[in-house]
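Reviewing the structure listed below.
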Amino acid sequence: TPYDEVTNEGDLVHLAFLADDEPVNVIEALKNPKWTNAMEEELEAIEKNGTWSLTDLPPNKKAIAVKWVYKIKMSPQGEITRHKARLVAKGFLQKEGIDYDEVYAPVARIETVRLIVGIANINNWSIHQMDVKCAFLNGPLSEEVFVMQPPGFEVKNQMTKVYKLHKALCGLKQAPRAWNKRIDGYLIDIGFAKCVTEHGVYVKRDIRRGVLILCLYVDDLSITGSSENYI
């Protein structure tokens, strides 16, 4: 109806207006308590996870710059649900062989995902989906990587120091691989077996409880199986 058309158009304008509220830099963000809280929440998660430690930059080493990325999370009804700030490393400044070695991280192919959905449908199995919060912050690094202090949150009287990364930050070229190695090891430790031909798929079998199939795509997981309790 004409009313619906006007409403939809109004919704688009409303969403566009809200998108403009996402700050373009940290100076603008620090003027808004909601964005300040979002940045503090991100740094708290990084610290709590043991992602880095403040140190002096060793000779002949370079620190990679970091930046803030801001996003307003919306509900399906167009309401603001969260102000999200993410600290991202400028991975495009990394040098292969110095800051990283390997970057490949296997993920399930879309054809495989469709096959698993088909198996679940035929057997009347439920499918559960989840995403891992701050997944990349859980990937231990094998390389020695240093990053600059976050803009707007430099440590007082220690401005020249940098952070040595123990775990990956979003934006690092090796971040997906580091996370994949971590989740892969965890799934195998709890009894899953990795599919030989499709490394993004894991299967767990139990004589009494049945079978579980887990599909991994970066930090998104889909799991189905023959027993709801087993899932």
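Some notes on this structure:
- Sole exception among (1) more than 22 Å from the chain's Cα centre (by Cα); (2) within 20 Å of residue 46 (Cβ to Cβ) for residue 208, by number: (2)
- Flag for residue 183 being in contact with a strand residue (DSSP E or B) (Cβ under 9 Å, 6 or more places away or on another chain) and either aromatic (Phe, Trp, Tyr) or crowded, with 19+ Cβ neighbours inside 10 Å (or both): yes
- The range 75-90, residues that are of a type outside the set (S, T, N, Q), over 15 Å from residue 38 (Cα atoms) and over 15 Å from the mean Cα position of the chain (by Cα): 76, 78, 79, 90
- Subset of the range 191-223 [among the charged types (D, E, K, R) and either within 18 Å of residue 132 (Cα to Cα) or not in a strand (DSSP E or B) (or both)]: 198, 208, 209, 219, 220
- Within the range 158-180, being in a loop (DSSP other than H, G, I, E, B), in contact with a strand residue (DSSP E or B) (Cβ under 9 Å, 6 or more places away or on another chain) and surrounded by fewer than 16 Cβ atoms within 10 Å (Cβ to Cβ) holds for one residue alone: 158.
- Counted residues, the range 66-91 - those being in contact (Cβ under 8 Å) with a residue 24 or more places away in the chain and over 27 Å from residue 52 (Cα atoms): 3
- Among the residues listed as 146, 153, the single one being in contact with a Lys or Arg (Cβ under 9 Å, 6 or more places away or on another chain) and of a type in the set (Phe, Trp, Tyr): 146
- The set of residues in the range 48-70 being surrounded by fewer than 13 Cβ atoms within 10 Å (Cβ to Cβ), charged (D, E, K, R) and either in contact with a Phe, Trp or Tyr (Cβ under 8 Å, 6 or more places away or on another chain) or within 19 Å of residue 160 (Cα to Cα) (or both) consists of 56 alone.
- Selected residue [more than 16 Å from residue 107 (Cβ to Cβ) and either part of a helix (DSSP H, G or I) or touching a residue at least 12 places away in the same chain (Cβ under 8 Å) (or both)] from 183, 188: 188
Where a number appears in this text, it was derived from the coordinates with a stated rule and is not lab data. It should be emphasised that the depicted structure is a prediction, and the values quoted were computed from it without experimental measurement. As a convention, Cβ positions derive from the backbone with ideal geometry for all residues, glycine included, and neighbour counts pool all protein chains shown.
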